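Student: Before we start, here is the structure in question, set down as structure tokens.
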Amino acid sequence: MNDIQIAPYLKWFHNAKFGLFIHWGIYSLLGRDKAEWILYTEKIPIPEYNKLVSQFNPTGFDANEWVNLSKIAGMKYITFTTRHCDGFCMFDTKFTDFNSMYTPAKCDFVAELVKACHDSDIKICLYYCLWDWHHPDRIKLGGPRMFPPFKYVKGMLRELCTNYGKIDGIWFDVGHMSNAEAEKLGWNASELIEMIRTLQPNIIINDRTGLPGDYSTPEQWIPEAPVRDKDGELKLWEACMTINDHWGYHKDDHNHKPVSQLIHHLIDVVSKGGNFLLNVGPMPTGKIQSEFVERLYGIGAWMKVNGESIYGTTICPEIEFPYGQCTRKGNKIFLHILVWPGSGLKIHIRNEVMRVYLLRDKQKINFKKSEDILTLQLPKLILDSIDTVVVLELKNLKKLKYAN
Ligand code: FHN
């Protein structure tokens, strides 16, 4: 089976393909190595770390600006860190004063961002880290694995799923623990998920509570092939990735991936049935650094021309295509030519081909079909150095016949 079978509440996610991950918190003030992990990696004394609260005054923060940037990039959803492992809450909660209402900004950043997303038809997923290196009653299970009381987590998630209107997703992080540890912690992931789904019936939840989720979450890597379950059924998945080497803001990390590489990652992920969640770590001012903005604009320019070959597509395993990747939507196959084959391109395909054209300008491409071999007459010179998308329009066949 090559078309994934998914529940209606997951359809927007599967069609969206591309989202913006935002890691932002008081750790951005320090802007150095390990970023969001700095409380743990530098073993900063809690009273010292608490001083960051009174320094966090992001006067440049504009949720609409972030949402507009995500739209310019061609993204359809945003996943925002409401609370990372340092325990600082970027929202107004009654469970701790260690939250953004106690900064000079006195701002519920989650509320601002959720409203901006609602106003712009961008879906909003809330990231919530299950570790806590700050909570006075945290239980240490070894190394960075420290967990706050279960009722604290459950209470906050109730707030996040109650106080902000429609929430489209919860992105849990680092919840993995053994059953024995869960019992020791009084941790009940099923109870948490049941509450969330009751409060937000169409919400999507990832796989990092320790229970299977609606989708899996490879991080900083892309699976070799489409993700399938033990019965061979296609599963949803989302690869999350940084632009440089840090999730949170790091002022000296200039190892930024070029636009071409980021677009190739997007195509690779989507051609295997996944979503691509690309991360930015805003500065303590609330602004997103120019290197990230430039790359999001660059991806957006490509998406503006080629988005039809990404959004709402599925995998296309019937086509052996050594020059790049394939995506499919209905009776259209999108060939993403990443390595230019010269003037002639041969493809093994049984289906009847009605039309062949360049996606970017609909320029017709001449072709010949003899039995199962389709030969395309391409210009000698490469057309798009990043990715040339050629469309094969098949004779309104829902399903591709399997190549042999
Ligand atoms: O430890 C976190 C890390 O800081 C970051 O949030 C990533 C993003 O997926 N998740 C954890 C590492 O897997």
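Student: What are the residues in region 86-127 that are over 17 Å from TRP24 (Cα atoms) and either within 16 Å of the ligand (Cβ to nearest atom) or acidic (Asp, Glu) (or both), if any?
Tutor: Listed by number, the residues that qualify are ASP97, ASP119, ASP121.
Student: Please work out which residue is nearest to LYS235 (Cα to Cα), limiting yourself to region 35-52 and to residues that are in contact with a Phe, Trp or Tyr (Cβ under 8 Å, 6 or more places away or on another chain) and surrounded by fewer than 18 Cβ atoms within 10 Å (Cβ to Cβ).
Tutor: The extreme case among them is TYR40.
Student: Of everything in region 58-85 that's within 16 Å of the ligand (Cβ to nearest atom) and either over 16 Å from the mean Cα position of the chain (by Cα) or not assigned by TED's automatic domain parsing to the domain that holds TYR128 (or both), which residue is surrounded by the fewest Cβ atoms within 10 Å (Cβ to Cβ)?
Tutor: Among those that are within 16 Å of the ligand (Cβ to nearest atom) and either over 16 Å from the mean Cα position of the chain (by Cα) or not assigned by TED's automatic domain parsing to the domain that holds TYR128 (or both), it is CYS85.
Student: I'd like the residue in region 1-29 that is away from the ligand (no atom under 14 Å from the Cβ) and touching a His at 6+ places or on another chain (Cβ under 9 Å) and, out of all such residues, is nearest to ILE122 (Cα to Cα).
Tutor: Looking at the filtered set, the residue picked out is ILE6.
Student: Cβ-Cβ below 9 Å, separation at least six or inter-chain, first residue in region 27-46 and farther than 19 Å from TYR128 by Cα, second modelled with pLDDT of 95 or more and not in a loop (DSSP other than H, G, I, E, B): which pairs?
Tutor: Final answer for the pair search is LEU29/LEU52; LEU29/GLN55; LEU30/ILE38; LEU30/LEU52; ARG32/ILE38; ASP33/THR41; ILE44/ILE38; ILE46/LEU39.
Student: Could you tell me whether any residue of region 136-146 is within 13 Å of the ligand (Cβ to nearest atom), of a type in the set (Lys, Arg) and within 18 Å of PHE13 (Cα to Cα)?
Tutor: Among the residues of region 136-146, not one is within 13 Å of the ligand (Cβ to nearest atom), of a type in the set (Lys, Arg) and within 18 Å of PHE13 (Cα to Cα), which makes the answer no.
Student: So which strands (runs of 3 or more DSSP E) are wholly in region 248-344 and hold at least 2 residues that are among the charged types (D, E, K, R)?
Tutor: Per the criteria, 324-329.
Student: Enumerate the helices (runs of 4 or more DSSP H) found wholly within region 109-195, keeping only those where 2 or more residues are within 24 Å of the chain's Cα centre (by Cα) and surrounded by fewer than 19 Cβ atoms within 10 Å (Cβ to Cβ).
Tutor: Because the criterion is at least 2 residues that are within 24 Å of the chain's Cα centre (by Cα) and surrounded by fewer than 19 Cβ atoms within 10 Å (Cβ to Cβ), the helices (runs of 4 or more DSSP H) in region 109-195 that meet it are 109-120, 150-162.
The values are calculated or read from the model by the stated rules, or taken from the named source; none is laboratory data. The shown structure was predicted, so the numbers you read here are calculated from the model rather than taken from an experiment. Cβ: placed from backbone, ideal geometry, glycine included. Neighbour counts: every protein chain shown.
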